[in-house]
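A.B. asks: Could you have a look at this structure, given as C-alpha cells, before my questions?
The values are calculated or read from the model by the stated rules, or taken from the named source; none is laboratory data. Because the structure is predicted, anything quoted here is derived from the model rather than measured. Note that each Cβ is placed from the backbone with ideal geometry, even for glycine, and that neighbours are counted across all protein chains shown.
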C-alpha cells in the first residue's frame, strides 16, 4: 500500500502506542484521525503528530457511526489500538461493571469498528485492518484473566475476520506487542518495566510500533501478515510460575519473583 493520501483511523491515539502509530502514518503522508475519550489529550496528541482528533468511545456503536461519517466511505486503514487493562486482580474480586467495561473496550468495541470499516473496504475491494492485541492473549498470569480473555478473543476474531475479508482484497493483521514505554501500568494501577528507566529504555517505544505498522501496510498487496508478535529482548516469558501453597493466594512478592509481568499499552 502506498500510504500517501490514504485515510486512516487509529483508536486510542491520544497517548502510548496509538500516538506513536498515528505519528508514523502521518510521517508516511497518510491522513490520520485519532480517537479517544479524553478530548484534551487528543488535542495535545493531534498538535504533536499532525493527526485529526475525534472524541469517541470505541465501545459505543453510535460513536463509530459519527466517526465514519466524518472520515467518509473511502477509509483505507483502521488500526484498533484502544485498550484498557481494567482492574488487574482475580476475577472473583472484580465488579460486574468492570468486567463488562474491560471486554467492551478490548473486544466488543473492536468488533463494532471492524463491522463498519470492513463493510466499506470490502465494497471498494481494498483496505487494511490492524488489531492490536497483547502478549496476555498468548500466556496466563494471575490477575489478568479478564483482560486475557478479551485479548485472546480479539486475536481469534482477527483470524476469522481475515477469512471473511480476504476474498474482497482487504488484509487483516493481529499485531501483538508486549512490554512498552507507555502509561498502561499507571492506568491499570500496577508496577512493571516502565517504572525502571534502564529497563524501560529497552522496551518497545511507541515510535517502534508505529514503524512496524507502516511496514505491515507497505508489504506488497499480494501478501498478508495475519499475525505478528513484538517482544523486547529484556522480557522473559515464564508462564509456568511457581505454585502457591494450597488454599492461599500468592503474595505480590511471590508473584514478582515467580513470573514476569506482561505490560501493554
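A.B. asks: Just a yes or no: is a residue in the stretch 171-178 over 19 Å from residue 18 (Cβ atoms), in contact (Cβ under 8 Å) with a residue 40 or more places away in the chain and over 12 Å from the mean Cα position of the chain (by Cα)?
C.D. replies: Yes, there is a match, as at least one residue in the stretch 171-178 is over 19 Å from residue 18 (Cβ atoms), in contact (Cβ under 8 Å) with a residue 40 or more places away in the chain and over 12 Å from the mean Cα position of the chain (by Cα).
A.B. asks: From (1) more than 22 Å from residue 233 (Cβ to Cβ); (2) in a helix (DSSP H, G or I), pick out the condition that doesn't hold for residue 136.
C.D. replies: Here residue 136 meets the rest and fails (1).
A.B. asks: Could we say that residue 41 is touching a strand residue (DSSP E or B) at 6+ places or on another chain (Cβ under 8 Å) and on the phi < 0 side of the Ramachandran plot here?
C.D. replies: no
A.B. asks: Looking at the stretch 83-101, which of its residues are in contact with a helix residue (DSSP H, G or I) (Cβ under 6 Å, 6 or more places away or on another chain) and either assigned to a loop (DSSP other than H, G, I, E, B) or within 15 Å of residue 34 (Cα to Cα) (or both)?
C.D. replies: 83, 84, 85, 86, 87, 88
A.B. asks: I've got another one for you. So, residue 148, is that one touching a helix residue (DSSP H, G or I) at 6+ places or on another chain (Cβ under 7 Å), at pLDDT 80 or above, closer than 29 Å to residue 96 by Cβ and in a helix (DSSP H, G or I) or not? Before the answer, list the steps.
C.D. replies: Values: touching a helix residue (DSSP H, G or I) at 6+ places or on another chain (Cβ under 7 Å): yes; at pLDDT 80 or above: yes; closer than 29 Å to residue 96 by Cβ: yes; in a helix (DSSP H, G or I): yes.
It is true that residue 148 is touching a helix residue (DSSP H, G or I) at 6+ places or on another chain (Cβ under 7 Å), at pLDDT 80 or above, closer than 29 Å to residue 96 by Cβ and in a helix (DSSP H, G or I).
A.B. asks: Does residue 104 satisfy being in a helix (DSSP H, G or I), within 22 Å of residue 156 (Cα to Cα) and under 17 Å from the mean Cα position of the chain (by Cα)? Don't jump to the end; show me each part of the working.
C.D. replies: Numbers: in a helix (DSSP H, G or I): yes; within 22 Å of residue 156 (Cα to Cα): yes; under 17 Å from the mean Cα position of the chain (by Cα): yes.
So residue 104 fits the description; yes.
A.B. asks: If you take the residues in the stretch 41-70 that are crowded, with 20+ Cβ neighbours inside 10 Å and out of contact with any helix residue (DSSP H, G or I) (no Cβ under 7 Å at 6 or more places or on another chain), which one is nearest to residue 83 (Cα to Cα)?
C.D. replies: Taking the candidates together, the pick is 42.
A.B. asks: Which residues, taken from the stretch 55-82, are part of a helix (DSSP H, G or I) and under 26 Å from residue 216 (Cα atoms)?
C.D. replies: Listed by number, the residues that qualify are 64, 67, 68, 70, 71.
A.B. asks: Quick one: how many residues across the stretch 118-145 are modelled with pLDDT under 95 and closer than 19 Å to residue 213 by Cα?
C.D. replies: Residues flagged as modelled with pLDDT under 95 and closer than 19 Å to residue 213 by Cα within the stretch 118-145 amount to 2.
A.B. asks: Quick one: would you say residue 8 is at pLDDT 95 or above and not in a strand (DSSP E or B)?
C.D. replies: The answer is no for residue 8.
A.B. asks: Could I ask something else about it? Considering every residue within the stretch 160-167, establish whether at least one is surrounded by 12 or more Cβ atoms within 10 Å (Cβ to Cβ) and at pLDDT below 60.
C.D. replies: No: zero hits.
A.B. asks: So, one more: Which one of 138, 154, 78 is surrounded by fewer than 20 Cβ atoms within 10 Å (Cβ to Cβ), in contact (Cβ under 8 Å) with a residue 40 or more places away in the chain and in contact with a strand residue (DSSP E or B) (Cβ under 8 Å, 6 or more places away or on another chain)?
C.D. replies: Working: 154 fails: surrounded by fewer than 20 Cβ atoms within 10 Å (Cβ to Cβ); 78 fails: surrounded by fewer than 20 Cβ atoms within 10 Å (Cβ to Cβ).
Step by step, each of 138, 154, 78 is checked, and only 138 is surrounded by fewer than 20 Cβ atoms within 10 Å (Cβ to Cβ), in contact (Cβ under 8 Å) with a residue 40 or more places away in the chain and in contact with a strand residue (DSSP E or B) (Cβ under 8 Å, 6 or more places away or on another chain).
A.B. asks: A further question follows. Does any residue of the stretch 29-37 turn out to be without any contact (Cβ under 8 Å) to a residue 12 or more places away in the chain, outside any helix (DSSP H, G or I) and out of contact with any helix residue (DSSP H, G or I) (no Cβ under 9 Å at 6 or more places or on another chain)?
C.D. replies: There is no residue in the stretch 29-37 that is without any contact (Cβ under 8 Å) to a residue 12 or more places away in the chain, outside any helix (DSSP H, G or I) and out of contact with any helix residue (DSSP H, G or I) (no Cβ under 9 Å at 6 or more places or on another chain).
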